[in-house]
Amino acid sequence: MVVLGDSLSFHGPEGPVPLADPRLYPNVLGVELDRLTGRPWAVEVWGRAGWGVRELWLALQKDVHLQQQLLIPADAVVLGIGSADQLSVAVPRWVVMALPYLRPTGLRRALRRRIDHVHPALTRLTGGRMRYTPPSVIRHAWSKSVDAIRLFAGEDVPLVAVLPAAHRTTYYGGMTTHHVGTHRLVAELAAAKDVAAVDLAALTRDRLDELNVDGAHWSWAIHADVGTAMARALAAQLHPAPGARTPA
């Protein structure tokens, strides 16, 4: 099983942890899917902090390791990227993505520190109008990513996606301006592409007090619930081994 993830796939309540940590949702998913299907599942996590569906689509076009060594042999895939796309930003995304190329190094570091310092307040000041990922880009990149996953892993590969999680991220000013619209858009895309979707908002909106101090990452209890929900969504698409417990 391949989990295409963002930082939610490897952050615990106090920060990043090793991918082998059994409390992370991909590993909870693997154990629960073992139980539901009666067969062992190896879990491969491919992810990067801060990625949205635009970055995923670019990677699916160019990352040969992802294409050939992860997706082609995959028996199931989780499209776990998308929660970042709802975020409100104060600085255009292309500016932030270009920062690593800025020289001299001192200028780049000073600019990065300045952006980080003013970003929460500036996001609130602008009302959170600017988007991490515009809706037209989400629509194109999400749909193309599903097509690419099915191209490499097979049209019938069991696939589950996610609807964006609830959050109160301090770096992004705690703004949720685009949450409802992004959530609705991804749900529509998933229905159009016949992709099962786990609603991360439903699992997090009433549990904001359980989030990491950054307001974005999850408690271990949320990881457990997300992994279990994903396992049930995938198990429904698989043929259980004789005697295996079927999902509730």
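Accessible area per residue for the chain, computed on protein heavy atoms with a 1.4 Å probe, is 48 Å². Computed from backbone phi, the HN-Hα couplings of the range 180-192 come to 4, x, 5, 4, 5, 4, 5, 4, 5, 5, 5, 5, 5 Hz, rounded to whole numbers (Karplus: 6.51 cos²θ - 1.76 cosθ + 1.60, θ = phi - 60°; Gly and Pro given as x). For the range 1-105, the calculated P(r) over all alpha carbon pairs, in 10 Å bins from 0 to the bin holding the longest distance, is 13, 38, 33, 13, 3, 0 percent. Dipole magnitude for the chain: about 1080 debye, using +1 per Lys or Arg Cβ and -1 per Asp or Glu Cβ, origin at the Cα centre.
Here the Kirkwood formula, the inverse mean of 1/r across different C-alpha pairs, assigns the range 1-57 a hydrodynamic radius of 12.0 Å. Other residues within the sphere of radius under 13 Å centred on the Cβ of residue 46, judged by their own Cβ, net out at -3 (K and R +1, D and E -1). Projected over all directions and averaged, the alpha-carbon convex hull of the range 176-228 occupies 4.2 nm².
In the frame of its principal axes, the range 83-150 has Cα extents of 44, 30, 15 Å, reported largest first.
Measuring nothing but protein heavy atoms, the accessible surface of the range 1-118 at 1.4 Å probe radius is 59 percent carbon and sulfur. Considering the range 126-248 at the alpha-carbon level, its Rg and Dmax are found to be 16.4, 57 Å.
Computed from backbone phi with θ = phi - 60° and the Karplus coefficients 6.51, -1.76 and 1.60, the 3J(HN,Hα) list for the range 105-112 is 4, x, 5, 4, 5, 5, 5, 4 Hz; x is used for glycine and proline.
Using every pair of distinct Cα positions in the range 55-206, the Kirkwood expression returns a hydrodynamic radius of 17.0 angstrom.
The values are calculated or read from the model by the stated rules, or taken from the named source; none is laboratory data. Just so you know, these numbers come straight off a predicted model, no measurement behind them. In this analysis, Cβ positions are derived from the backbone assuming ideal geometry, glycine residues included, and neighbour counts consider all displayed protein chains. These area figures cover heavy atoms from the full protein model, side chains too; ligands, DNA and RNA do not enter into them. Shrake-Rupley method; radii C 1.70, N 1.55, O 1.52, S 1.80 Å.
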